[in-house]
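The values are calculated or read from the model by the stated rules, or taken from the named source; none is laboratory data. What you are looking at is a predicted structure, and each value in this text was computed from that prediction instead of being measured. Note that we place each Cβ from the backbone using ideal geometry, even for glycine, and neighbour counts take in every protein chain shown.
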């Protein structure tokens, strides 16, 4: 027997809206994804190779956040600044303006990387964690493989121009999602509008976040800009509105202003031209099934994963969600036994199947009661 999951079906109907045409973006390559479902909402040559520039720094912070999360590193730990790291601030690169032989906390180096986009801070953090920048880069590439960034290779910790430092906007979107999803306790640094570095041997330096969108109070809370003369301007950005989050990555923008404005268009287009629906939350008892010959008449069901789906508004009427099971479910029923499936369709195309499991064990009734129930069923039908 198949039962329609009516709650979701009604939700789709009341959210039906007319979608607008895809935006025309003045960039070389771009992608927009839904954070919950990874659905690609917009793409423009998303797999062509680019130099990620300072978007590389997203991975630099991910490696550090991993160590912080596992208590192998502390925000209060301090690292000595090498001459190599200091020279990065003297070479015309974006810098935190650290001083050689100074000792700087991990937290200040992270803020110097994220907010000020300091290449000097990248080298200092890399050397402090791994002993050398190259050792740290090896850690970055291992993490990229773990995340699934199949078209990415890092050659340095900062993103300065190097033919061996390359990626795609698709991979960078994947990396951005990984950052936001796995390090919520540290992601707030990406929303900081400014960073004041009270440096040793000089006046304090305050630098603004290079991501202009974090100043507009529109829900954009990150993540990282980039610029190289060979690549022009780039940006990985994210916006959160109520329960939805959208990630956009673009490269090849002509100016800083265009980078911000075009990225905001992508983010807003993703929000307004699609909807994401929650079907089930992991381990929540969302479903109930009738039992047959069970001591309890109802068995509750749950999913072992969050179940969401994202739909372009123009396609909403084509999507259907069903809760499928052979019911009533015959007892005995073991705890965590598979008792049904959620099935999501686009017209007749099955997009996804998610098993539903029994929350608790249901014992079978005794023989006499079982016989009586069977007799009633033969006479009266469904019981």
For the stretch 96-107, how many residues meet the condition of being modelled with pLDDT of 95 or more and either outside the structural domain of residue 128 (by TED's automatic domain parsing) or in contact with a helix residue (DSSP H, G or I) (Cβ under 8 Å, 6 or more places away or on another chain) (or both)? 2
Looking at 182, 165, 156 in this structure, which one is modelled with pLDDT of 95 or more and under 14 Å from the mean Cα position of the chain (by Cα)? 182
If you go through the stretch 308-330 one residue at a time, do you hit one that is within 14 Å of residue 277 (Cβ to Cβ), within 24 Å of the chain's Cα centre (by Cα), in a loop (DSSP other than H, G, I, E, B) and assigned by TED's automatic domain parsing to the domain that holds residue 357? no
Is it the case that residue 299 is under 30 Å from residue 22 (Cβ atoms) and not in a loop (DSSP other than H, G, I, E, B)? no
Given the options 267, 235, name the one that is in contact (Cβ under 8 Å) with a residue 24 or more places away in the chain and part of a helix (DSSP H, G or I). 267
Sole miss for residue 196 among (1) in contact (Cβ under 8 Å) with a residue 24 or more places away in the chain; (2) within 25 Å of residue 96 (Cα to Cα); (3) surrounded by fewer than 19 Cβ atoms within 10 Å (Cβ to Cβ) is condition (1)
Pick out the one residue from 33, 114, 81 that is closer than 18 Å to residue 227 by Cβ and either buried (at least 22 other Cβ atoms within 10 Å of the Cβ) or in contact (Cβ under 8 Å) with a residue 60 or more places away in the chain (or both). 114
Does residue 335 satisfy the criteria of being free of Cβ contacts under 8 Å to residues at least 60 places away in the same chain and outside any helix (DSSP H, G or I)? yes
Criterion first (free of Cβ contacts under 8 Å to residues at least 40 places away in the same chain and more than 28 Å from residue 47 (Cβ to Cβ)) does residue 288 satisfy it? yes
Out of 175, 149, I need the residue that is in a loop (DSSP other than H, G, I, E, B), touching a residue at least 24 places away in the same chain (Cβ under 8 Å), in the same structural domain as residue 63 (by TED's automatic domain parsing) and under 14 Å from the mean Cα position of the chain (by Cα). Which one? 149
Failed criterion for residue 298 (all others in (1) crowded, with 18+ Cβ neighbours inside 10 Å; (2) more than 17 Å from the chain's Cα centre (by Cα) hold): (1)
